[in-house]
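Reviewing the structure listed below.
None of the figures in this text is laboratory data; all of them are computed from the coordinates on show. Just so it is clear, the structure is predicted and the values come from calculations on it, not from any experiment. Don't worry about glycine lacking a Cβ; one is built from the backbone with ideal geometry, like all the others, and counts go over all protein chains shown.
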Amino acid sequence: MLFYSHAEEKGLGLKRYIITITVILLIFLVSFLVLQVFEIPFLSNPAFIKTGGIVAAVSGVLLLSFDVLLPVPSSVVMIGMGTLFGIVNGSVLSLIGCLNSALFGFYLG
C-alpha cells in the first residue's frame with residue numbers, strides 16, 4: 001500500500017514503542033541475571049560505592065552521562081554523590097556527568 005492512513009501510522013508507532021520498552025526491560029533482566037549467576041557482589045554488597053573512592057566517582061559520572069539512555073533518576077545519583085564526596089566535590093562530579101549527558105544527547109540528535 002503506497003499511502004498509510006492515520007490509524008495505521010498510530011499502530012506502527014505503538015508497535016515501535018512496545019518493542020523499545022521490551023528491549024530495555026530485557027537488557028535490565030539479562031544484566032540482573034548475569035550479576036546473580038556469576039555472584040558479582042554489585043547488588044548484594046556494594047562496599048566499593050560506600051567508600052567514596054574513584055570507582056564510586058566514575059560510576060556516578062557514568063550514570064549521569066548515560067542518563068539520556070538509562071531510566072536512572074539523576075536527582076538520586078546527585079544526592080548520593082553529594083553524600084559520598086561532600087557538597088563541593090559532589091557538585092563538581094554531578095556537573096561533569098550532567099554536561100556529558102547534555103553533550104551525548106546533543107550528539108544523538
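Modelled label positions at LEU12 and LEU95, each set 7 Å beyond Cα in the direction of Cβ, lie 4.5 nm from each other. Computing Rg and the Kirkwood Rh from the Cα coordinates of the stretch 46-109 gives a ratio, Rg/Rh, of 0.98. For the stretch 66-94, backbone nitrogen atoms closer than 19 Å to the point 7 Å from TYR107 Cα along Cα-to-C-beta are found at 66-72, 94. Sorted on the mean count of surrounding Cβ atoms within 10 Å across their residues, most packed first, peptides 25-33, 77-85, 63-71, 99-107 read 77-85, 63-71, 99-107, 25-33.
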